[in-house]
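A.B. asks: Would you mind keeping the following structure in view while I ask a few things?
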Amino acid sequence: MSHAKSAPSQPSAASRSEPSLPADAVCFRRVGANYVVETRRRGLDVYREPLLNKGSAFTLAERRALGLEALLPGTPKSMAQQVQRVHAQLRLRSAPIDQYLELSALQDRNEHLFYRVLRDHLAELMPIVYTPTVGEATQRFSELFRRGRGVWLNPGHRGRIREVLAQSLRPDVRLIVATDNESILGIGDQGAGGMAIAIGKLTLYCATAGIHPSHTLPISLDVGTDNPALLESPDYLGWCQPRLRGDAYFDFLDEFVAAIQELYPRALLQWEDLRNDIALRVLDRYHKVLPSFNDDIEGTGAVTVAGVLSAARVSGTLIRDQRFVIFGGGAAGLGIARQLRELLVVEGCPPEEARARIAVLDSRGLIAEHAPPGAAYKLDLALPAAALAHYRLAAGAGLAEVVGRFQPHALIGTSGVPGAFAEDLVTGLCRAHARPLILPLSNPTSLCEASPANLLRWSRGQAIVATGSPFEPVVYEGRTRPIGQGNNVFIFPGLGLGAIASQAPTVTAPMFYAAARALATAVSESELAEGLIYPRIGRLPDVAQSVAAEVAKIGARTTGVDAQAELQKLRWEPAYPEIRAVG
Ligand code: NAD
């Protein structure tokens, strides 16, 4: 594949002007952490707009002024009463996917209430709006589809992408999650269904970092699918063609990126679920063109670094003396290896030695220097020849052999191979280290490399464990051990908010490192004592603010903006705004 054309350049100052509001403007005016809305809309046009609708919480005065009196029963209720009612309705649905649909319907009806419910029941509802349930929603997207959300772009829009994008009618987008749907959550190419992930991630940005939903936009880059089941299905809703590849794919992306720069010059772009080799090329191509990052690679790296930092507080082992085995040399494995290397160097390990402290395996075994790497990016993961000789290892060595010889302090799973971390591997690690760190990160739950219950049993409670998917607490020797989730959700909301607040033109490695440190610092002594190396999920909103503050400080070093003031300005809580009828 040759890509002779160069990527689009930074927008000119002239194209950075504010986009104008649509004719029947919904005008948001900030008052502290909340805002007042002035609208020219009336009646059903208010009721059907999810950012205006309050349902039964419209006051009698609002109903009269906005022409809503006929549409609602007579007694207004508070938001707290609505939250209780919605929560009770959710409890009537036992299947997680039914709860997901119920919540999606609420999001499409009344966004403030949706976010209030989510915030008030975050730990309970995270597995519904995000992993693992969102995985099922992705796979069953065409079957379950009710209403579009976000923007759909497909090859039929070539030459008109800016025009189609503008149909979203969102005047001040600051945060975009764009997916081409090819490499999703360990379940591969899901075609148009990938939109559910982009929606889910932005939902978490709003619910945890407190970014106003009107600043966010999920985008499906529906360039086709190579999933035969979808191509053959008469029900498939997406672009029913094989994927765009090569120059045609990058031409499509170039036009998309140029349109983003023009319409949303202040937006941060998160690339989501791209295939690993494409993800790297996309990062290289657009990294300096607009503020952008790849959560699957860079977010995963940062959340793992945070786990390693927290685990070192428990084990007492100096980071610069540690060795790591990463089982799964794809997008996640690459991000983790790169950021662990930087961590080792920051902690005082010489760069060459840092390379020799990280062994990565893919489906062909140990990735080693001077062996054919398979994909070009794997050169970056190869164990140097001197380390191979030192540990008596060869290219292609299997996991048991690598762990036995390399004796890592941490074993990290990003392979999607269920059961790969077997009992003898774990007992071997425990002979080498008093408190080994084991992170089976693969999602969904069914693909996890080992269950936390087994890891704790095999290691006699010695292993420090966190998983990618949520797990129930494990009772080990009469003690209940909660299982921490090494999930990117601890990084990306705060990272995104910090990047937006600082108006950083690029998202840099020091910003990820700052995010990882802030996350590790946020883990309390009592959480560590319980065996957690990540905070409890319910603390996410506070954690996101801490992460954002540290990231914004780094970003502001280049832009000089008052990042703390910007963070304050962006802060949003899911409470109803006062709505004033104007015009
Ligand atoms: P990917 O497809 O890019 O990479 C998967 C890697 O696993 C490839 O290098 C492949 O060669 C390797 N692999 C496959 N079979 C193997 C085998 N039998 N032995 C050794 N290696 C094998 O996927 P990805 O985006 O890197 O994601 C990998 C997994 O990590 C997924 O399950 C994903 O859900 C999970 N993940 C978790 C988090 C998190 O929880 N924080 C973040 C990102 C990814």
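A.B. asks: By how many degrees, 0 to 90 and rounded to 10, does the Cα axis of helix 423-432 deviate from the longest principal axis of the chain?
C.D. replies: Approximately 70 degrees, to the nearest ten.
A.B. asks: Most exposed first by the Cβ proxy, i.e. fewest other Cβ within 10 Å, how do 448, 430 rank?
C.D. replies: Least to most surrounded, the residues fall as 430, 448.
A.B. asks: A follow-up question, please. Measure nothing fancy, just the Cα-based angle from helix 509-522's long axis to the longest principal axis of the chain, in degrees from 0 to 90, nearest 10.
C.D. replies: With rounding to tens, the tilt is 90 degrees.
A.B. asks: At a Förster radius of 41 Å, what calculated FRET efficiency corresponds to the Cβ-Cβ distance of residue 432 and residue 109, to the nearest 0.05? Walk me through the numbers on the way to the answer.
C.D. replies: On the way: r = 55 Å, r/R0 = 1.35.
Taking R0 as 41 Å, the efficiency between residue 432 and residue 109 is 0.15.
A.B. asks: Have a look at 57, 238, 384 and report the one farthest towards the positive end of the charge dipole of the chain, computed about the Cα centre with Cβ charges (Lys/Arg +1, Asp/Glu -1).
C.D. replies: 57
A.B. asks: Give, as a single signed number, the net charge of other residues whose beta carbon lies under 14 Å from the beta carbon of residue 425, with Lys and Arg counted +1 and Asp and Glu -1.
C.D. replies: Values: positive: 405, 431, 457; negative: 401, 423, 424, 449.
Result for the local shell: -1.
A.B. asks: Order these peptides, 200-211, 407-418, by their mean beta-carbon neighbour count within 10 angstrom, highest first. Write down the numbers at each step before the final one.
C.D. replies: Values: 200-211: 25.3, 407-418: 23.3.
Highest to lowest by the protection proxy: 200-211, 407-418.
A.B. asks: Against the longest principal axis of the chain, how steep is helix 195-204, in degrees 0 to 90 to the nearest 10, with axes from Cα atoms?
C.D. replies: Once rounded, the angle reads 90 degrees.
A.B. asks: Could you point to the residue in 248, 278, 292 farthest towards the positive end of segment 245-302's charge dipole, with +1 and -1 charges on the Cβ of Lys/Arg and Asp/Glu respectively?
C.D. replies: 292
A.B. asks: A follow-up question, please. Kindly provide log₁₀ I(q)/I(0) values, in the same order as q = 0.07, 0.10, 0.11 Å⁻¹, from the Debye equation applied to equal alpha-carbon scatterers of the chain.
C.D. replies: Treating every Cα as an identical point scatterer, log10 I(q)/I(0) equals -0.42, -0.86, -1.05.
A.B. asks: Exposure proxy check: 442, 292, 363 ranked by fewest other beta carbons within 10 Å? Could the numbers behind the result be given before it?
C.D. replies: On the way: 442 26, 292 23, 363 10.
Exposure proxy ranking, most exposed first: 363, 292, 442.
A.B. asks: Against the 2.2 N^0.38 Å scaling, with N counting residues, where does segment 261-334 land? I'd like the Cα-based Rg ratio to two decimal places.
C.D. replies: That ratio works out to 1.40.
A.B. asks: Quick check on segment 286-395: what does the Kirkwood estimate of hydrodynamic radius come out to from the alpha carbon pairs, in Å?
C.D. replies: On the way: mean 1/r = 0.0688 Å⁻¹.
In segment 286-395 this quantity evaluates to 14.5 Å.
A.B. asks: While we're on this one: Please report the net charge: other residues with Cβ closer than 13 Å to the Cβ of residue 74, K and R +1, D and E -1. Don't skip to the answer; put the middle values down first.
C.D. replies: Working: positive: 63, 64, 77; negative: 69.
Summing Lys/Arg as +1 and Asp/Glu as -1 gives +2.
A.B. asks: Additional query: Could you check what % of the DSSP bridge pairs in segment 249-400 are antiparallel, to the nearest 5? Numbers along the way, then the final one.
C.D. replies: Values: 2 of 10 bridges.
If I count the DSSP bridges inside segment 249-400, around 20 percent turn out antiparallel.
A.B. asks: I've got another one for you. Straight-line reach from residue 54: which lysines fall under 23 Å, measuring Cα to Cα and dropping same-chain residues less than 8 apart?
C.D. replies: Partners found: 77.
A.B. asks: Right, here's the next one. By counting other Cβ atoms within 10 Å of each Cβ, how are 300, 445 ranked from fewest to most?
C.D. replies: Values: 300 27, 445 17.
Fewest to most other Cβ atoms nearby, the residues stand as 445, 300.
A.B. asks: Right, here's the next one. Which of the peptides 463-469, 83-89 is most tightly packed, and how do the rest follow, going by the mean number of other Cβ atoms within 10 Å of each residue?
C.D. replies: Numbers: 463-469: 25.6, 83-89: 14.9.
Descending mean neighbour count gives 463-469, 83-89.
A.B. asks: May I ask what percent, to the nearest 5, of DSSP beta bridges between residues of the chain are antiparallel? Walk me through the numbers before you get to the answer.
C.D. replies: Working: 12 of 49 bridges.
Given both bridge residues lie in the chain, the antiparallel proportion sits at roughly 25 percent.
A.B. asks: Moving to a separate point now. Scaled to the compact-protein estimate 2.2 N^0.38 Å, what is the alpha-carbon radius of gyration of segment 213-352, rounded to two decimal places?
C.D. replies: In units of the 2.2 N^0.38 Å rule of thumb, it is 1.33.
A.B. asks: Assuming a ≥ b ≥ c are the square roots of the Cα gyration tensor eigenvalues, decide whether segment 364-450 counts as rounded (a/c under 1.5), prolate (otherwise, with a/b larger than b/c) or oblate.
C.D. replies: Values: a/c = 2.28, a/b = 1.25, b/c = 1.82.
In terms of gyration-tensor shape, oblate.
Values in this text are rule-based calculations from the coordinates and carry no lab data. The structure displayed is predicted, hence computed values, not measured ones. Note: ideal-geometry Cβ built from the backbone for every residue, glycine included; neighbour counts use all protein chains shown.
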